[in-house]
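Below: the structure, in structure tokens.
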Ligand SMILES: NC(=O)c1ccc[n+]([C@@H]2O[C@H](COP(=O)([O-])OP(=O)(O)OC[C@H]3O[C@@H](n4cnc5c(N)ncnc54)[C@H](OP(=O)(O)O)[C@@H]3O)[C@@H](O)[C@H]2O)c1
């Protein structure tokens with residue numbers, strides 16, 4: 001359902017009722033970046049608990065404080081989730097101003113507007129804030145050392161969020177895939193269907209994460225009233241190569257997948273070779289665990305098949 005909020009239109013997700021009168025007293029959540037891969041799953045998940053007011057480009061540019069402030073003030077949310085971001089890691093190397101405009105200025109705007117409205121804010125950050133030298137799963141207290149512009153802009157967004165809203169929850173995650181995204185899983189599936197064989201990097205290790213599970217974990221943290229910085233990923237870890245092999249196998253394809261070093265695909269943006277995140281703080285705070293990446297991937301591929 002479309003709903004006019006201040007000067008702009010938003011989309012209201014609510015699986016039970018859609019009229020404002022009917023949702024009085026239920027939780028109202030704004031999701032910025034609602035058309036992104038995580039945003040879509042957040043809208044569906046939070047729509048189960050109440051009313052979601054969805055915002056994305058072109059209706060609301062998060063880098064414009066006046067637009068964000070008006071949207072938040074008129075909505076009177078109980079919770080504001082910032083899933084909007086500049087996520088093109090390679091392009092950010094050539095246009096750092098564009099990356100910082102969204103990831104730092106936009107994050108600060110959302111945090112400030114939500115604080116003024118008396119609502120807590122959720123911001124997503126990335127495993128790329130680390131340099132990969134630790135070689136053991138990173139905990140939220142580890143010192144960040146970003147290697148590329150995108151990671152620097154996301155770290156600046158964390159700081160802007162903390163400084164502008166005391167009631168913040170910063171969730172670092174990694175290697176996201178979900179419906180509608182141009183993510184690693186989709187790229188591997190496309191390549192496996194069109195090429196005779198694939199070469200995939202073996203010396204980059206991380207934590208693949210399904211947006212469906214991250215949306216659920218966000219709801220768990222929000223209902224616990226958690227504030228501070230958390231790491232949330234599907235549990236376990238793998239190389240890009242092992243991830244690609246699992247994707248191809250689960251999709252029932254027999255395209256050969258061969259390992260290669262990261263140096264075989266020169267990139268502008270430097271990435272950490274080891275960026276596994278530890279869920280320990282999330283698990284201690286909530287009493288919940290994240291399922292393993294293989295199980296989550298199998299679920300994603302199964303749902304994808306059912307929706308084709
Ligand atoms: N993808 C990953 O592997 C990964 C890993 C770690 C952390 N994260 C973080 O997780 C969060 C969600 O990522 P995602 O993969 O779901 O991202 P995504 O699919 O790229 O979605 C981001 C959304 O934000 C929108 N957006 C961009 N600039 C905006 C602006 N100025 N105002 C309003 N909306 C704007 C985008 O619109 P357009 O498409 O029109 O630009 C898009 O709909 C982000 O904070 C990201 O940094 C992602």
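The values are calculated or read from the model by the stated rules, or taken from the named source; none is laboratory data. The structure displayed is predicted, hence computed values, not measured ones. Note: ideal-geometry Cβ built from the backbone for every residue, glycine included; neighbour counts use all protein chains shown.
Summary table below
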read-out	value
Any chance residue 149 is touching a helix residue (DSSP H, G or I) at 6+ places or on another chain (Cβ under 6 Å) and surrounded by 24 or more Cβ atoms within 10 Å (Cβ to Cβ)	yes
Top-ranked residue in the stretch 45-64 [being under 23 Å from residue 183 (Cα atoms) and surrounded by fewer than 16 Cβ atoms within 10 Å (Cβ to Cβ); ranked as nearest to the ligand (Cβ to nearest atom)]	57
Filter result (more than 9 Å from the ligand (Cβ to nearest atom) and under 15 Å from residue 169 (Cα atoms)) within the stretch 115-124	115, 118, 119, 120, 121, 122
Filter pass, residue 51 being under 22 Å from residue 220 (Cα atoms), more than 19 Å from the chain's Cα centre (by Cα) and either at pLDDT below 95 or not in a helix (DSSP H, G or I) (or both)	yes
Those residues of the stretch 129-152 which are within 24 Å of residue 61 (Cβ to Cβ) and within 10 Å of the ligand (Cβ to nearest atom), in sequence order	150, 151
Members of the stretch 124-155 found to be closer than 18 Å to residue 105 by Cα and within 16 Å of the chain's Cα centre (by Cα), listed by number	124, 125, 126, 129, 150, 151, 153, 154, 155
Only one of 296, 269 that is surrounded by 15 or more Cβ atoms within 10 Å (Cβ to Cβ), closer than 19 Å to residue 175 by Cα and over 19 Å from the mean Cα position of the chain (by Cα)	269
Residue match in the stretch 243-256 (condition: under 30 Å from residue 285 (Cα atoms), touching a helix residue (DSSP H, G or I) at 6+ places or on another chain (Cβ under 8 Å) and at pLDDT 95 or above)	yes
Long-range neighbours under 8 Å by Cβ, at least six apart or interchain, first residue touching a residue at least 24 places away in the same chain (Cβ under 8 Å) and at positive phi within the stretch 107-136, second buried (at least 21 other Cβ atoms within 10 Å of the Cβ) and not in a helix (DSSP H, G or I)	132/272; 132/275
Residues of the stretch 72-114 that turn out to be surrounded by fewer than 19 Cβ atoms within 10 Å (Cβ to Cβ), within 10 Å of the ligand (Cβ to nearest atom) and part of a loop (DSSP other than H, G, I, E, B), as a count	1
